[in-house]
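**Student:** Below is a structure I'd like to ask you about.
The values are calculated or read from the model by the stated rules, or taken from the named source; none is laboratory data. As the structure is a computational prediction, the values presented were derived from the model and not from experiment. FYI the Cβ positions are ideal-geometry reconstructions off the backbone, even for glycines, and counts take in every protein chain you see.
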Amino acid sequence: MNEKFSQLKSQLDRAYALEAACTLFNWDQYNAPKGSIENTAKIIGTLSGEHYRALINDDVRRLLEELSTDEGLKDLSFHERSILKLLNKQFHKLSLIPPKEYEVFSALIARAYPVWETAKNNNDYAAFAPVLDEIIAYAKKFAGYSQKPGQTLYDAALDDYEEGFTTQILDHFFERLSTSLGPLVKAISQKQDLIDTSFLHKTYPAATQKDFCHFIAQYIGFDFNRGMISESEHPFTTQIHNHDVRFTNHYYENSLDSAIFSAIHEGGHGLYEQGIDDDITMTIAGSGTSMGMHESQSRFYENNLGRSREFWTPIYDKLVDTYPSQLKNVSLEDFYRAINASRPSLIRTEADELTYPFHIMIRYEIEKAIFEGTVTVKQLPDLWREKYKEYLGVVPDNDTEGILQDMHWSGGSFGYFPSYAIGSAIAAQIYHHLATVMPLKTYLTEGRLAPIREYLKEHIHRFGKCKNTQEILKDMTGEPFNPDYYIQYLTQKYTELYNL
């Protein structure tokens, strides 16, 4: 290893250890005593400040400058060059943020999640609003620090999750989805009695749901020697390194499909993180390349695979054996149709594939309004209700099933939501590609998911952040991001499902 890069790596190792400590504290808060919140938030803030100083200092600056010359680059490997490029970008972005602000913000979001969780469970938006107001102020300030000439403030926030996807590009993308899929949603709304979903809402004990979700995560290839499942109000995935990947789930006893598809979704995220090369784990390159690509993996497994007939063919009998009375006389075809039934709904995570992008459009437009300063925190619940009425024709009765349903804003993740729609489109593009290079449906019908997982690991997962989204797509599929496959996939699937 290059001597200067070795010096840089020792600095990065310390920074990563501090970041991992913060991650572990954040993970722990979901099961920590409620009374621990304030003090633990202070600890996380202090650790975040130390992480900042381990990265942003004169020694790191000097090493970056020396290694970024032609002479410094010549002996570096592909992975080392990638790490250097990513670190230069992170150094520039973080160095624009005053250290104290970074520390205070980290402590703020550490205490915000429990406040949000309590507010959601109590339908008490007023309790969360002051914290949200603080988070928004910081999110805008931080976006302003990195805002480039010609960028909107929201563009700068979006760059943290899917670089290059500006509001101009996303406006066009969402307009295409709305124009193409809106008529399909409307046509299906006239055929709501065609598919019976009632059996999905019988009583399904949480304990047996947990067992089946463990099975299905293992079935898609999640390695429990290097991972685990816990519980939280809102399912999510996190990683310490590629040998310690964790996700959570939430179990509703009146909903069979909710936890199952959350497990497949989060398991898809987990497979990405477990597939990172050992050479780059515990470095800045050792995670998914973007949130859009990350969501493509979760939604590929959840929807393109997990909601197909072929996926359930080898394992549906196991589900019936788990719930013999609830699923008596429910055929595989009945189950397939029920888990794909489309109807406008209030909850994003429970939405079907066809209406799902409209949930994302709503959040995208609200976030734009927040960053443009055209809506206040107090006005957000009303704006939420207006958008749901406009796009899906439904209105939440309360804020729990309205603006409080998602955890993202409590973590300062403004600009994340569009990644779900981008990821869904990428997933459809990947699905189309896989069907041309392997007997995809045969593999699924035979329960052979390993070849699919290994292909994704070889062409996506192992690279971490060493390749960006467009590079991965171009190298794997031969073309850049192309949402046509997403529109075609949904149109074909739902036209067939509803006999349109």
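**Student:** Considering each residue of segment 449-467, count those that are farther than 18 Å from residue 306 by Cβ and surrounded by fewer than 19 Cβ atoms within 10 Å (Cβ to Cβ), and give that number.
**Tutor:** 4
**Student:** Shifting gears a bit: Got a sec? Which strands (runs of 3 or more DSSP E) wholly within segment 209-319 have at least 1 residues that are under 30 Å from residue 157 (Cα atoms) and touching a Cys at 6+ places or on another chain (Cβ under 7 Å)?
**Tutor:** 244-249
**Student:** Residues being part of a helix (DSSP H, G or I), farther than 17 Å from residue 358 by Cα and touching a residue at least 24 places away in the same chain (Cβ under 8 Å): count how many of those fall in segment 472-499.
**Tutor:** Number satisfying all stated conditions: 8.
**Student:** Just checking, which of 435, 425 is surrounded by fewer than 20 Cβ atoms within 10 Å (Cβ to Cβ) and over 24 Å from residue 141 (Cα atoms)?
**Tutor:** 435
**Student:** Another one. For segment 51-73, state whether one or more residues are within 24 Å of residue 18 (Cα to Cα), out of contact with any Lys or Arg (no Cβ under 8 Å at 6 or more places or on another chain) and outside any helix (DSSP H, G or I).
**Tutor:** Within segment 51-73, one or more residues are within 24 Å of residue 18 (Cα to Cα), out of contact with any Lys or Arg (no Cβ under 8 Å at 6 or more places or on another chain) and outside any helix (DSSP H, G or I).
Residue by residue, here is whether (1) assigned by TED's automatic domain parsing to the domain that holds residue 400; (2) touching a helix residue (DSSP H, G or I) at 6+ places or on another chain (Cβ under 7 Å); (3) at pLDDT below 95 holds:
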{"residue": "114", "(1), (2), (3)": "no, yes, yes"}
{"residue": "119", "(1), (2), (3)": "no, yes, no"}
{"residue": "131", "(1), (2), (3)": "no, yes, no"}
{"residue": "141", "(1), (2), (3)": "no, no, no"}
{"residue": "145", "(1), (2), (3)": "no, no, no"}
{"residue": "153", "(1), (2), (3)": "no, yes, no"}
{"residue": "156", "(1), (2), (3)": "no, yes, no"}
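**Student:** For residue 351, state whether it is within 19 Å of the chain's Cα centre (by Cα), of a type in the set (A, V, I, L, M, F, W, C) and surrounded by fewer than 20 Cβ atoms within 10 Å (Cβ to Cβ).
**Tutor:** For residue 351, the condition - within 19 Å of the chain's Cα centre (by Cα), of a type in the set (A, V, I, L, M, F, W, C) and surrounded by fewer than 20 Cβ atoms within 10 Å (Cβ to Cβ) - is met.
**Student:** What are the residues in segment 334-354 that are part of a helix (DSSP H, G or I) and closer than 28 Å to residue 177 by Cα, if any?
**Tutor:** Selection gives 335, 336, 337, 338, 339, 348, 349, 350.
Yes/no matrix, rows are residues, columns are (1) among the acidic types (Asp, Glu); (2) in a helix (DSSP H, G or I):
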site: 361; (1), (2): no, yes
site: 365; (1), (2): yes, yes
site: 369; (1), (2): no, yes
site: 377; (1), (2): no, no
site: 394; (1), (2): no, no
site: 397; (1), (2): yes, no
site: 403; (1), (2): no, no
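**Student:** Being in contact with a helix residue (DSSP H, G or I) (Cβ under 7 Å, 6 or more places away or on another chain), surrounded by 15 or more Cβ atoms within 10 Å (Cβ to Cβ), farther than 21 Å from residue 35 by Cα and in the same structural domain as residue 32 (by TED's automatic domain parsing) narrows it down to one of 109, 83, 97, so name that one.
**Tutor:** Residue meeting the stated conditions: 97.
Let's see how each residue does on (1) over 22 Å from the mean Cα position of the chain (by Cα); (2) surrounded by fewer than 19 Cβ atoms within 10 Å (Cβ to Cβ); (3) in contact (Cβ under 8 Å) with a residue 60 or more places away in the chain:
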{"position": "355", "(1), (2), (3)": "no, no, yes"}
{"position": "359", "(1), (2), (3)": "no, no, no"}
{"position": "379", "(1), (2), (3)": "yes, yes, no"}
{"position": "383", "(1), (2), (3)": "yes, yes, no"}
{"position": "396", "(1), (2), (3)": "yes, yes, no"}
{"position": "404", "(1), (2), (3)": "no, no, yes"}
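**Student:** Oh, and also: For residue 413, all conditions in the list (1) under 29 Å from residue 164 (Cα atoms); (2) among the hydroxyl-bearing types (Ser, Thr, Tyr); (3) touching a helix residue (DSSP H, G or I) at 6+ places or on another chain (Cβ under 6 Å) hold save one; what is the number of the exception?
**Tutor:** Only one criterion is unmet by residue 413, namely (3).
**Student:** Can you confirm whether segment 404-411 contains a residue that is more than 22 Å from residue 274 (Cβ to Cβ) and among the small types (Gly, Ala, Ser)?
**Tutor:** So far as segment 404-411 goes, yes, one or more of its residues are more than 22 Å from residue 274 (Cβ to Cβ) and among the small types (Gly, Ala, Ser).
**Student:** Go over the candidates 416, 443 one by one and state the one that is in contact (Cβ under 8 Å) with a residue 60 or more places away in the chain, surrounded by fewer than 23 Cβ atoms within 10 Å (Cβ to Cβ), at negative phi and aromatic (Phe, Trp, Tyr).
**Tutor:** Sole residue among the options that is in contact (Cβ under 8 Å) with a residue 60 or more places away in the chain, surrounded by fewer than 23 Cβ atoms within 10 Å (Cβ to Cβ), at negative phi and aromatic (Phe, Trp, Tyr): 416.
**Student:** Okay, moving on. Report those helices (runs of 4 or more DSSP H) wholly inside segment 112-206 carrying at least 2 residues which are touching a residue at least 24 places away in the same chain (Cβ under 8 Å) and surrounded by fewer than 20 Cβ atoms within 10 Å (Cβ to Cβ).
**Tutor:** 125-146, 167-189
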